[in-house]
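The values are calculated or read from the model by the stated rules, or taken from the named source; none is laboratory data. Note that this is a predicted model, so its numbers are computed, not measured. Here the Cβ positions follow ideal geometry from the backbone for every residue, glycine too, while neighbour counts run over all protein chains shown.
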Amino acid sequence: MKLAIIGAGNVGGTLGTAWAQKAGHDIFFGVRNPSTDKTQALVQKLGGKARAGAPAQAAAAGDFIVLTTPWPQAEAAIRSLGNINGKIILDATNPLARGPDGISLEIGHSTSAGEKVQGWAKGASVFKTLNTTGFGNMAEPIYHGVKSVMFVAGDDAANKPKVIDLVAALGFDVIDAGPLRNARLLEAHAMLWIDLALTRGLGRDWAFARVKR
Ligand SMILES: NC(=O)c1ccc[n+]([C@@H]2O[C@H](COP(=O)([O-])OP(=O)(O)OC[C@H]3O[C@@H](n4cnc5c(N)ncnc54)[C@H](OP(=O)(O)O)[C@@H]3O)[C@@H](O)[C@H]2O)c1
């Protein structure tokens with residue numbers, strides 16, 4: 001599979017590495033400045049499985065596009081992708097705002113980052129996923145043999161199974177979380193992980209998992 005990953009930071013770099021190494025997918029990092037030492041080191045590390053270029057080049061080559069920019073840059077990043085008609089976008093962003101009380105969500109009751117991204121990415125199918133846990137868990141989602149959970153929300157029923165398979169290839173227990181509007185729930189769920197991890201002392205090495213009867 002050919003994956004365009006927009007952004008090559010904590011999340012983009014981790015996902016690109018995991019998909020290349022665990023699933024053999026070809027990674028094209030779409031970044032504003034592909035020649036930075038950090039991006040070049042990432043590409044080198046992945047050998048022939050990765051390259052880096054402009055976001056529009058990456059998007060044109062990708063079967064899937066994975067958005068991993070900070071929220072304030074998400075709109076510009078989507079608009080820089082060129083023609084994305086018919087493309088499948090996995091949106092990993094969280095609309096975080098930093099204020100006097102710490103980190104919170106900038107939007108969430110009546111819309112979500114996922115729905116905003118869909119509004120900017122007209123003609124593409126947007127799925128909200130890979131936003132509810134830390135990037136360390138994207139590299140190592142399995143704890144003592146138990147898969148941690150990851151959700152996929154999106155309206156495109158025909159393509160959802162492909163997105164679920166792609167996310168499952170990372171090692172997650174994937175749950176279909178319904179329509180894209182449920183990104184509002186997933187972004188709030190992400191906020192809970194962030195608050196527990198960064199403010200309540202749990203740190204980054206834990207994850208939510210599903211137990212059932
Ligand atoms: N960190 C986590 O554990 C985590 C977990 C789940 C979800 N998230 C969400 O994932 C997103 C990324 O987080 P992160 O921690 O990976 O951030 P990060 O380490 O700062 O990486 C962001 C990447 O996006 C790139 N970028 C910024 N604007 C761009 C644009 N217009 N076009 C292409 N690339 C652009 C940056 O490249 P430059 O060098 O050009 O700035 C950088 O490579 C955020 O929305 C965050 O809320 C984070």
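I'd like to know if the stretch 39-50 contains one or more residues that are within 9 Å of the ligand (Cβ to nearest atom), part of a loop (DSSP other than H, G, I, E, B) and more than 20 Å from I164 (Cα to Cα).
No.
When L170 is evaluated against the numbered criteria (1) touching a residue at least 40 places away in the same chain (Cβ under 8 Å); (2) surrounded by fewer than 16 Cβ atoms within 10 Å (Cβ to Cβ); (3) assigned to a loop (DSSP other than H, G, I, E, B); (4) out of contact with any Asp or Glu (no Cβ under 8 Å at 6 or more places or on another chain), which criterion, by number, is the only one it fails?
The number of the failed condition is (2).
Based on what the data block shows, is T111 assigned to a loop (DSSP other than H, G, I, E, B), of a type outside the set (A, V, I, L, M, F, W, C) and touching a residue at least 40 places away in the same chain (Cβ under 8 Å)? First the steps, then the outcome.
Numbers: assigned to a loop (DSSP other than H, G, I, E, B): yes; of a type outside the set (A, V, I, L, M, F, W, C): yes; touching a residue at least 40 places away in the same chain (Cβ under 8 Å): yes.
Yes: the conditions hold for T111.
State the number of residues belonging to the stretch 133-168 that are more than 19 Å from G203 (Cα to Cα) and touching a strand residue (DSSP E or B) at 6+ places or on another chain (Cβ under 6 Å).
Total satisfying the criteria: 11.
If the requirement is being at pLDDT 95 or above and farther than 22 Å from Q21 by Cβ, which of these qualifies: K147, K116, K162? Can you show your working first?
On the way: K147 fails: farther than 22 Å from Q21 by Cβ; K162 fails: farther than 22 Å from Q21 by Cβ.
When all the criteria are applied, what remains is K116.
I'd like to know if the stretch 115-131 contains one or more residues that are within 11 Å of the ligand (Cβ to nearest atom), over 13 Å from the mean Cα position of the chain (by Cα) and under 24 Å from W206 (Cβ atoms). Reasoning before the result, please.
Here is the first cut: in the stretch 115-131, the residues within 11 Å of the ligand (Cβ to nearest atom) are 117, 128-131.
After this cut, where a residue has to be over 13 Å from the mean Cα position of the chain (by Cα) as well, the list is none.
No, every residue in the stretch 115-131 fails to be within 11 Å of the ligand (Cβ to nearest atom), over 13 Å from the mean Cα position of the chain (by Cα) and under 24 Å from W206 (Cβ atoms).
If you scan the stretch 26-38, which residues turn out to be more than 7 Å from the ligand (Cβ to nearest atom), surrounded by 18 or more Cβ atoms within 10 Å (Cβ to Cβ), touching a residue at least 24 places away in the same chain (Cβ under 8 Å) and under 30 Å from I103 (Cβ atoms)?
Passing the criteria: I27, F29.
Conditions tested, residue by residue: (1) outside any helix (DSSP H, G or I); (2) among the acidic types (D, E); (3) buried (at least 19 other Cβ atoms within 10 Å of the Cβ).
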| position | (1), (2), (3) |
| --- | --- |
| T132 | yes, no, yes |
| N137 | no, no, yes |
| V152 | yes, no, yes |
| P161 | no, no, no |
| V174 | yes, no, yes |
| A188 | no, no, no |
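Are any of the residues in the stretch 62-69 surrounded by fewer than 21 Cβ atoms within 10 Å (Cβ to Cβ) and over 17 Å from V152 (Cβ atoms)?
There is no residue in the stretch 62-69 that is surrounded by fewer than 21 Cβ atoms within 10 Å (Cβ to Cβ) and over 17 Å from V152 (Cβ atoms).
Write out, first by first residue and then by second, each pair whose Cβ atoms fall under 6 Å of each other, whose residues are 6+ apart or on separate chains, and whose first residue, in the stretch 7-25, is part of a helix (DSSP H, G or I) and modelled with pLDDT of 95 or more while the second is away from the ligand (no atom under 13 Å from the Cβ) and among the hydroxyl-bearing types (S, T, Y).
Qualifying pairs under 6 Å: none.
Among A8, A41, which is the only one that is farther than 19 Å from D91 by Cα and of a type outside the set (F, W, Y)?
Working: A8 fails: farther than 19 Å from D91 by Cα.
The match here is A41.
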